[in-house]
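> Here's a structure for you.
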Amino acid sequence: MTKRRTVLFRVLVAEISGFRASPRRLPTRQAPSLAPPLMNKKKIFNDPVYGFVTIPTELLFDLIEHTYFQRLRRIQQLGLTSFVYPGALHTRFHHALGAMHLMTLALRTLKDKGVKITAREGEAAMAAILLHDIGHGPLSHALERSIFHDVHHEELSLHLMRKLNGEFGGALDLAIEIFRGTYARPFFHQLVSSQLDMDRLDYLNRDSFYTGVQEGRPGADRLIKMLTVVDERLVLEEKAVYSIENFLVSRRLMYWQVYLHKTVTSAEQMVIRIMQRARDLVRAGSEVPASPNLHFFLSRPVTQQQLERDDEILRRFTRLDDTDVWAAVKLWADHPDKVLRYLAQSMLDRHLFKITLQAQPFDEEFQLGIVELIAARFNLSPADAAQLMLIGRISNNAYDADGRDPIDVLTKRGQVINVAEASDLPNIKALGQRVEKHYICYPKEIL
């Protein structure tokens, strides 16, 4: 077969199979019409929340194609919330694409209002929001402190962005500056991380959609349309104040009704205790089967300093996802350790602990009574019985008026004020008050 016929055959096969041919071009002596087309990286995703979402640049497409980002397909956005809301099965991958889409809309709004944004700045802002959650571990927030010691997912995201930056020849320099908040134009960082950013707008929109909690919709479209910039700081026009109030009410409702739902809290605390029990057994020399990468983290403490020095830690982390955890839990349901076996089987069967909430901490005598009942019911030592009692606290405030990057409003007189200072919005001040609840969880069998 001649070279010309070979190329024609490859193009024909590519068209039939639905894939584009290689971007390699034919020698110049060949007719231009026979050259295989260049790969189109400006793909379109059909998102159930926003409709069609376009990937606007080749860099963003290549970042999405990278193995670090593809891992987010295997990490559920809401962890164990599907134990309460069966539809909450969307992933961090969905959320990252949605946040990037909202960033595209926000940048377009600002440019339409005369804010000078270069193509490089726009691409960097979209890359920063696209990668902002790339450091999330299995089951999202639930296991963050069980795998690492005092390492937040944002620090992991930054480490992974730096690794990607090396692979992409420095193309993410500006994106990293925006992500860290060190770029000279702070409104870009505010779009990525603040009290009204594209991250929050998307996860409220998306999570309310998949859980079916329609009251949690934040009115993202109008809020984005009301964005503007004053002295390189992000503000909203005064006519957006009621939309801001709706956003804060939606956020507070979603936290109590979804993220901090008492049954979700019980499930998350149970899976955290499972990992802690497995970790303690492994470090005590017991055999606890798990995938090589999960076993790596169970067998040793990993600190921020170790993470910065050892590339092996990051390599293993990027191979870890929800499937490692659930595969391990299935194995541990037959483990000889009574506590680990009971917890693992309970998670598989959704036999969740009873949870009680109250405003004040639970007194020690009450806790000791619970431990005694557990020990008697399951024939455990007091130390092991204490592993089946979970205590802690949850808190929620929808808005921190004195916190980092407050929501500012541009009045019709040209003044920039904190939205909490608006005289006709007393609800916003109320939403800023922190509400704290203490919880205790224990097996229902002891009742």
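Please treat every number below as a calculation from the coordinates, not as lab data. All values reported here derive from a predicted model rather than from experimental measurement. Positions of Cβ are generated from backbone atoms using ideal geometry, with glycine treated the same way; all protein chains shown enter the neighbour counts.
> Taking neighbour counts of Cβ atoms within 10 Å as a proxy for exposure, in what order, fewest first, do Leu357, Leu380 appear?
Leu357, Leu380
> Here's a follow-up. By count of other Cβ within 10 Å, fewest leading, how are Arg252, Arg277 ordered?
Neighbour counts put them in this order, fewest first: Arg252, Arg277.
> Cα to Cα, under 17 Å, and not fewer than 8 places away if on the same chain: which aspartates and glutamates meet these conditions relative to Lys412?
Partners found: Asp231, Glu237, Glu238, Glu421, Asp424.
> Please give the net charge around Gly285, taking every other residue with its beta carbon less than 15 angstrom from that of Gly285, where Lys and Arg add +1 and Asp and Glu add -1.
Net charge in that neighbourhood comes out at +1.
> OK, next. Be a star and scan segment 121-157 for residues whose amide nitrogen sits under 20 Å from the point 7 Å along the Cα-to-Cβ vector of Arg74.
Answer for this model: 131-148, 153, 156-157.
> Work out the charge dipole of the chain with +1 on the Cβ of Lys and Arg and -1 on the Cβ of Asp and Glu about the Cα centre, then indicate which of Ser250, Leu105, Pro426 is farthest towards its positive end.
Final value for the positive-end residue is Leu105.
> Multiply the residue separation of Arg180 and Lys338 by 0.36 nm, subtract the distance between their alpha-carbon atoms, and state the gained length in nm to one decimal.
Working it through step by step, the gained length comes to 52.4 nm.
> Moving on to the next point. In a Debye calculation with equal point scatterers on the alpha-carbon sites of segment 343-447 and no solvent, what is log10 I(q)/I(0) at q = 0.20 Å⁻¹?
One equal scatterer on each Cα of segment 343-447 leads to -1.00.
> Continuing with this model, one more query. Which ordering of Val271, Val115 is given by a fewest-first count of other beta-carbon atoms within 10 Å?
Ranked by crowding around the Cβ, least crowded first: Val115, Val271.
> Work the Kirkwood hydrodynamic radius out for segment 266-331: mean of 1/r over every pair of different alpha-carbon atoms, inverted, in Å.
Answer for segment 266-331: a Kirkwood hydrodynamic radius of 12.6 Å.
> Right, something else. What is the distance in Å between the Cα centroid of segment 348-418 and that of segment 234-263?
21 Å
> Please list, in chain and number order, the residues 5+ apart from Val230 or on another chain whose amide H is under 5 Å from its amide H, with Hs placed from the backbone.
Correct list: Val235.
> Determine the equivalent ellipsoid of the chain by diagonalising the alpha-carbon gyration tensor, then write out the semi-axes as square roots of 5 times the eigenvalues, largest first, rounded to whole Å.
42, 33, 19
> Find how many whole Å separate the alpha carbon centroid of segment 91-161 from the alpha carbon centroid of segment 311-341.
If we compute the Cα centre of each part, the gap is 27 Å.
> Here's another thing I want to ask about it. At 25 °C and a viscosity of 0.890 mPa s, what translational diffusion coefficient does Stokes-Einstein give for segment 50-140, taking Rh as the Kirkwood radius over Cα pairs? Give it in µm²/s as a whole number.
173 µm²/s
> Based on DSSP H assignment, which helices of the chain show an axial Cα extent of at least 18 Å together with a mean Kyte-Doolittle hydropathy greater than or equal to -1.0?
Taking the DSSP H segments of the chain (at least 18 Å long, mean hydropathy at least -1.0), we get 3-17, 92-112, 153-167, 241-254, 262-283, 364-378.
> Using Cα pairs under 8 angstrom and six or more residues apart, how large is the relative contact order of the chain, in percent?
Once divided by the residue count of the chain, the mean separation gives 14 percent.
> Measure up Lys330/Lys354; Lys262/Lys330; Lys163/Lys437; Lys163/Lys338; Lys41/Lys225 against 30 Å on the Cα-Cα distance and list the ones that go over.
Lys163/Lys437; Lys163/Lys338
> In addition: Taking the Cα centre of segment 240-398 as origin, work out the dipole magnitude from +1 charges on Lys and Arg Cβ and -1 charges on Asp and Glu Cβ, in debye rounded to 20.
240 debye
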